[in-house]
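Report on the following structure.
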Amino acid sequence: MAPGCTSRRNLQVHHIHYRGHQGGEEPWNLLVLCEFHHQQGEHGTLARFRGKAPLGVLCRIGEQGLSSWWRNERRIARPNSATV
């Protein structure tokens, strides 16, 4: 579900609201990401996912300050800081 990613292998389930922060298994809290976007992206520094799946997810791709923002494969202007 990372913008532009076409990987169909090494897919992993990601919790938008982390389980360690009481995030649950509800469908709106789950994304499927390739291993790179999950480990190097969300759990690294190259991506950030917020919102509710499937259509309300905001995604930052790239290092903070040098990144672009996406919603459902569409590039958007930097969202209000209250939503990220």
Tally Lys/Arg at +1 and Asp/Glu at -1 over every other residue whose Cβ is under 14 Å from the Cβ of residue 66; what's the total?
+2
Considering only the other residues whose Cβ falls under 11 Å of the Cβ of residue 56, what net charge follows from Lys and Arg at +1 and Asp and Glu at -1?
+3
Integer Hz, Karplus 6.51/-1.76/1.60 couplings in order for segment 50-65, x for Gly and Pro
9, x, 10, 6, x, 9, x, 8, 9, 10, 9, 10, x, 4, 4, x
In percent, how large is the relative contact order of the chain, given Cα pairs closer than 8 Å and 6 or more residues apart?
22 percent
Charge tally for neighbours of residue 33 with beta carbon under 13 Å away, counting Lys, Arg as +1 and Asp, Glu as -1, is +1
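Values in this text are rule-based calculations from the coordinates and carry no lab data. Keep in mind that what you see is a predicted model, and the values were worked out from it rather than measured. A quick note on method: Cβ atoms are made from the backbone with ideal geometry, for glycine too, and the neighbour counts reach across all protein chains shown.
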